[in-house]
Every structure is written in C-alpha cells, then in structure tokens.
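Read the figures in this text as sums done on the coordinates, not as results from a lab. Predicted model, so just to flag it, every value in this text is computed and none were measured. Virtual Cβ from ideal backbone geometry, glycine too; neighbours counted across all protein chains shown.
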Amino acid sequence: MAICWSHHARRRLHARTAHAGKETNTTIEPHPASGSAAFAEVAAGRIRVLLVEPRRIYADILTRTLRADEFAVDVACSEAAALAAVREDAPDVVVVCLGPSEHGAAVLDRVRQAARCGVVALTDTELAPLVSRVAVVPLGGYDVLSMRIRQTLRRFRLHSGPVTVQPRHFDDLVIDVEIRRVYQRGNVIPLTRTEFAILRVLSDDPGEPVTCHQLQEFLWGTVNAGGRSALGVHIGNLRRKLGDAPTCPRYVRTVRGIGYCLAG
C-alpha cells in the first residue's frame with residue numbers, strides 16, 4: 001500500500017513483535033484503510049511498492065529514493081506488519097530486505113506464500129552500495145533496483161500469478177538466485193560475490209544489454225574510469241570460469257558501445 005503523510009499528520013505506531021524469543025518494540029508506518037480515498041489519490045498512476053525492512057535508517061533511505069523515482073512506497077518494519085499489508089493493501093510489488101540473519105529468508109518465504117504480487121529479494125550485499133552513495137549522489141539514481149521492480153511486475157502480470165524465483169536456465173548453465181549458486185552441467189561454478197552479482201543482474205533480462213554505468217552503480221555505488229577497468233577484469237574472470245571463449249563468448253557477450261548481456 002502506498003502512503004504519503006504530511007509533516008503534521010505523520011505519526012508512528014508501536015507493534016509488539018517476537019524476535020529471538022523476546023518481545024521488542026518495532027516502529028511501523030501508519031496506513032489508511034485499503035481502498036481509501038487518500039490511498040487512491042497517492043497511488044494513482046504509480047507502481048505501489050511495499051518495502052519490508054526492519055532497520056529504520058535503511059527503510060527511510062530506500063523509501064525516499066524510490067519515491068523520488070516515482071514509486072508509491074509503504075514500509076513494513078516487522079513480519080506481522082508485512083503480512084498484514086500484503087493481505088490487506090494489495091501492493092504491486094513487495095521488496096524484502098533479507099538482512100544479515102537467517103530470519104530474513106524465513107520472512108521472504110512467508111511473504112511469498114501470502115503475496116499475490118511480484119516479490120523482489122534484496123540482500124545486504126546489494127543494499128550496501130545503495131545506502132552508502134545516498135549522501136553524495138542525488139536521489140533517484142537506483143537504476144538497477146528500479147529495473148528489477150519493474151521487471152518483476154511485468155513478469156507477474158504476464159503470468160497472472162504469484163512470482164516465484166526459480167533457478168534460471170541458460171542452455172547448460174543454471175543460476176540459482178535464492179541460494180546464490182551457479183551450476184554448469186551439474187557442477188558448481190565457484191564465483192566470487194562480484195562475479196555472481198554481475199551474472200545475476202545480466203540474467204534478470206537475458207538478451208537485453210545492461211550498461212557499464214548501471215553495472216558499476218549496482219556493484220560499487222559509484223561510476224568512474226577505474227571502475228570500468230575493474231568491471232572488465234571481473235567480466236574476464238567470470239567468462240574464464242564459465243568456459244567462455246574470449247573472442248566469441250557463449251554466455252556473457254559484449255554489446256559494443258553499451259555494456260554486456262547474457263545470451264538468452
């Protein structure tokens with residue numbers, strides 16, 4: 001559900017949530033009733049995103065940024081609040097920040113079971129560059145996250161059912177996004193975090209090029225000449241591990257003047 005409260009009307013509610021066997025106070029965003037006039041006015045013409053993030057500072061940063069990119073955003077800071085919003089408020093896409101603990105994966109599973117919309121999982125590795133660059137870069141530049149949200153929504157609407165993240169198959173290559181592993185002919189390919197991140201982004205929309213600018217922002221949160229050279233090194237290492245020929249790569253292809261794509 002989307003929300004946009006005025007400075008004077010904004011307030012906070014405290015929910016009691018169970019965590020690690022103890023009850024803790026969790027701050028959640030207030031929200032109007034589903035289908036209310038206020039909600040319709042705020043969300044009209046926008047993609048409605050439910051952001052599930054218990055860490056207030058991260059939630060605030062991502063909310064400001066996504067709203068600057070014309071998304072209507074509501075925040076759930078607990079599992080209970082997330083499940084209630086999923087069931088009652090009909091978001092278009094849910095973004096679940098997994099966090100450093102295994103609890104985030106459990107929340108993701110329960111949200112997927114309850115949601116009738118697309119779900120995007122955001123790991124801390126992916127979140128770090130988004131948060132670290134906010135202080136020095138204008139809001140609204142989260143190209144890769146915005147792209148993932150829109151692609152997830154398109155896939156959901158295309159299939160008219162809940163989106164589940166299944167392993168992605170490209171000939172004899174299998175990319176399991178959920179457990180962050182890549183298999184080739186049944187064998188695990190040992191990739192670094194950066195190499196896997198590159199492959200995951202390219203596999204979001206196979207055959208479509210991702211610019212060097214977008215890849216650098218996604219990986220490091222900044223763009224510079226040195227970053228482009230470093231990206232080329234990581235691409236080379238990734239191709240070598242996948243057995244791609246340098247002159248005629250089978251999987252990770254160069255799109256001249258643009259960037260790279262994964263062969264569809």
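For region 183-247, state which trypsin sites (Lys or Arg not before Pro) are in a DSSP loop and have at most 10 other beta carbons lying within 10 Å of their beta carbon.
Those that pass, being in a loop and sparsely packed, are Arg185.
Could you please state, rounded to a whole Å, how far the C-alpha centre of region 193-264 is from the C-alpha centre of region 78-129?
With region 193-264 and region 78-129 each reduced to a Cα centre, they are spaced 28 Å.
Filter the GluC sites (Glu not before Pro) in region 61-102 to those in DSSP coil with at most 12 other Cβ atoms within 10 Å of their Cβ, and list the result.
On the way: sites: Glu70, Glu79, Glu88, Glu102; in loops: Glu70, Glu102.
Taking region 61-102 and a limit of 12 other Cβ atoms within 10 Å, the loop GluC sites (Glu not before Pro) found are Glu70, Glu102.
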